[in-house]
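Visitor: The structure follows.
The values are calculated or read from the model by the stated rules, or taken from the named source; none is laboratory data. Given the structure is predicted, the values throughout are model-derived calculations rather than measurements. With ideal geometry, Cβ positions are generated from the backbone for all residues, glycine too; neighbour counts draw on all protein chains shown.
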Amino acid sequence: METLTVELGERSYPIIIGPGALADPANLRPALEGRRVAVVTNTTVGPLHGEALRATLAACCIAGEPLWIELPDGEEHKTLATVETILTRLLEARLDRGSRIVALGGGVVGDIAGFAAAIYQRGIDFVQVPTTLLAQVDSSVGGKTGVNHPLGKNMIGAFHQPRTVVIDTDTLNTLPERELRAGLAEVIKYGLIRDAEFFAWLEEHIDALHALDPEALACAIRRSCACKAEVVAADEREGGIRALLNLGHTFGHAIEAGMGYGAWLHGEAVGTGMAMAARMSARMGWLSTADCERAEALIRRAGLSLEPPAEVTPERFRELMAIDKKVASGRLRLVLLRGIGTAELTDRFDENALDETLHEGARVA
């Protein structure tokens, strides 16, 4: 078991990583003891890991029986209507402002449960127990919570930091291969934007990660979380460096919205988006051909597509990218690469390079 800390002063919190972390009451007791607890999970994760969490909660000396809220599975349910369902259950059970929410599941569950916690009675504390690789290395850390809107991904939400993040690496043993591949996209992202040494390590160990090698997974999760924790501590509300964590996301969010939420997994869309960002960076002369090829090769080896779906035309990309959260004063900003391990947020990109990247994707697809 290993513990990292997201340093945010009085709101600092631990990230506990290791096999069997969910089964150890010591990991959850400090945040939950003596409190009423609501568990938010979904119809896929609940049957797999719900009993383990119930047993742990029973040993955490919480107040009464936990309220269990099981949501339908899928990105298409990441909506305000689902949040309202959670809030109604909390109110019916008369949970007070001292209560806690525990999010048990992947990124969708964590984002929805965290947003419900952020707005219930003007804010209650919550705990993240992520069960997918993507949630473990990215969405469970940093306090971004929210839901989608038909016009844009994650456009409704709040910054609300968890009290604790408990990452049980054993939960990955039940993860479908497609979900694993999607999670690898976010792992690769850290190497591309900030850690060239980690990127080289991933090139050597990507096959071990596919094989769910425990040591390789633990290393990848630890390094990813350490990177995310450093960035969040430096820029909690994305006023500067934190925006670099969105490499590939502007393209990726457009794919998700354009295809209909749930058709492409978030990590799948981000993987394609990172490949598009790398090619655009190379067109602008920011990224060498060799480094662009390295980026594409690792994304491909992760089992992710390098090309966007034909259904999202260049014109549709432009339309959806225009409402990205990184747009400032009406100008689109993109995260692009200066090299492996070096990224930059800019609104001074070559429009022709963007056009060529979007039209290239349309031709190939």
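Visitor: Given the criteria more than 28 Å from A290 (Cβ to Cβ) and assigned to a helix (DSSP H, G or I), does L202 qualify?
Guide: Working: more than 28 Å from A290 (Cβ to Cβ): no; assigned to a helix (DSSP H, G or I): yes.
Taking the combined requirement at face value, the residue does not satisfy it.
Visitor: Just name the residue that is nearest to H249 (Cα to Cα) out of those in region 314-325 that are buried (at least 16 other Cβ atoms within 10 Å of the Cβ) and out of contact with any helix residue (DSSP H, G or I) (no Cβ under 6 Å at 6 or more places or on another chain).
Guide: The qualifying residue nearest to H249 (Cα to Cα) is K325.
Visitor: A further question follows. So is I17 part of a strand (DSSP E or B) and among the hydrophobic types (A, V, I, L, M, F, W, C) or not? Walk me through it before giving the result.
Guide: On the way: part of a strand (DSSP E or B): yes; among the hydrophobic types (A, V, I, L, M, F, W, C): yes.
Spelling it out, I17 is indeed part of a strand (DSSP E or B) and among the hydrophobic types (A, V, I, L, M, F, W, C).
Visitor: In region 237-337, which helices (runs of 4 or more DSSP H) lie fully inside it and hold 3 or more residues that are closer than 24 Å to G183 by Cβ? Walk me through it before giving the result.
Guide: Details: elements: 249-259, 266-283, 289-301, 314-321.
Of the helices (runs of 4 or more DSSP H) lying wholly inside region 237-337, those with at least 3 residues that are closer than 24 Å to G183 by Cβ span 249-259, 266-283, 289-301.
Visitor: Kindly indicate which of E238, E186, E215 is acidic (D, E), surrounded by fewer than 22 Cβ atoms within 10 Å (Cβ to Cβ), within 25 Å of Y13 (Cβ to Cβ) and not assigned by TED's automatic domain parsing to the domain that holds D138.
Guide: Values: E186 fails: surrounded by fewer than 22 Cβ atoms within 10 Å (Cβ to Cβ); E215 fails: within 25 Å of Y13 (Cβ to Cβ).
None of the others qualify; the one that does is E238.
Visitor: Do you know which of the residues in region 189-212 that are crowded, with 24+ Cβ neighbours inside 10 Å and not aliphatic (A, V, I, L, M) is nearest to G303 (Cα to Cα)?
Guide: Restricting to residues being crowded, with 24+ Cβ neighbours inside 10 Å and not aliphatic (A, V, I, L, M), the top hit is K189.
Visitor: Answer with yes or no whether R294 is of a type in the set (D, E, K, R), touching a residue at least 24 places away in the same chain (Cβ under 8 Å), in the same structural domain as T357 (by TED's automatic domain parsing) and more than 29 Å from G239 (Cβ to Cβ).
Guide: yes
Visitor: Is it the case that some residue within region 235-242 is within 18 Å of E356 (Cβ to Cβ) and either touching a Leu at 6+ places or on another chain (Cβ under 9 Å) or basic (K, R) (or both)? Walk me through how you get there before you give the answer.
Guide: Just the residues of region 235-242 that are within 18 Å of E356 (Cβ to Cβ), to begin with: none.
No.
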